[in-house]
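Nothing in this text is a laboratory measurement; each read-out follows from the coordinates by a stated rule. Just so you know, these numbers come straight off a predicted model, no measurement behind them. Neighbour counts run over all protein chains shown; Cβ positions are idealised from the backbone, glycine included.
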């Protein structure tokens, strides 16, 4: 069809064309994403979801006659225990597989809870200003002045060790990061014309914060969440390693590091190496993906 006979798209046709372009845009975004972090995080989610079917043994039940079996490729290795066994004869591979579920649940829930708390306080502080801003920011400053791990240990000592208590502890420690960043975004947004027009139109403060402010700071909150995921994984493993996180015999990666440290210098290296590698790869993948998403979501950084 030549240019003289081509018709201009009407509004419905243009909208349909834009909807059809979304799959192409999604494929392009995924093709630009870093391959290694996506694979690592996909394996983490897949392993956590299907842990009951993937694990060859019960992670909490051991066989004392199979204590300290090395990995299958080493001397005295047993094909039934691909990555060896620990001091109680429990399968290391099964414990790592089920440990991925604990790490994913705790980290995801803690990041979401911290994001909700911090974003709420950040919007209230930045938009309302006045004494609300002063109270929230002084509380945030005092909270951030506390050593992170020491503060988390103090909170853990007040609560019984469990997965969900750990979620509350980590959310209570890391919400301040969201509050400070979101407050800065809101201070800029509330001076924009669309917010002033909403005020003139008689919109309530709640409606303005939920309808006009929140969608415009959601991108920053998501970027913060992706960057905090790896930090929370490290914090969860640290607390479990120190004995104030996930309670034994649950197969948390940090707890496995603690139980394997005594055998690290006596030749039982697999007890610490494998869970340590899992923590390292997951944290590295989360940080790389978070950094890519930060650049991808910012048009100015995409031009660099």
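The GNM of the chain, with springs linking C-alpha atoms under 10 angstrom apart, assigns the highest mean-square fluctuation among 273, 96, 182 to 273.
Let a ≥ b ≥ c be the square roots of the eigenvalues of the Cα gyration tensor of region 201-304; is it rounded (a/c under 1.5), or, if not, prolate (a/b larger than b/c) or oblate? The shape class here is oblate.
In the elastic network of the chain, a GNM with C-alpha springs shorter than 10 Å, the most mobile of 115, 245, 263 is 263. Taking only Cα atoms, what is the 0 to 90° angle, nearest 10, from helix 270-297's long axis to the longest principal axis of the chain? The two axes meet at around 10 degrees. Considering only 33, 201, 114, the Gaussian network model of the chain with Cα springs below 10 Å gives its largest mean-square fluctuation to 201.
For the chain, the longest principal axis of the alpha carbon atoms and the long axis of helix 214-241 meet at an angle near 10°.
R0 = 25 Å: FRET efficiency of residue 64 with residue 266, Cβ-based, nearest 0.05? My answer for the efficiency is 0.85. When a/c reaches 1.5 or more, the comparison of a/b and b/c decides; with that in mind, is the chain rounded, prolate or oblate per its Cα gyration tensor? Oblate, since a/c reaches 1.5 and b/c is not below a/b. Between the Cα long axis of helix 92-128 and the first principal axis of the chain there is an angle of about 30°, rounded to the nearest 10.
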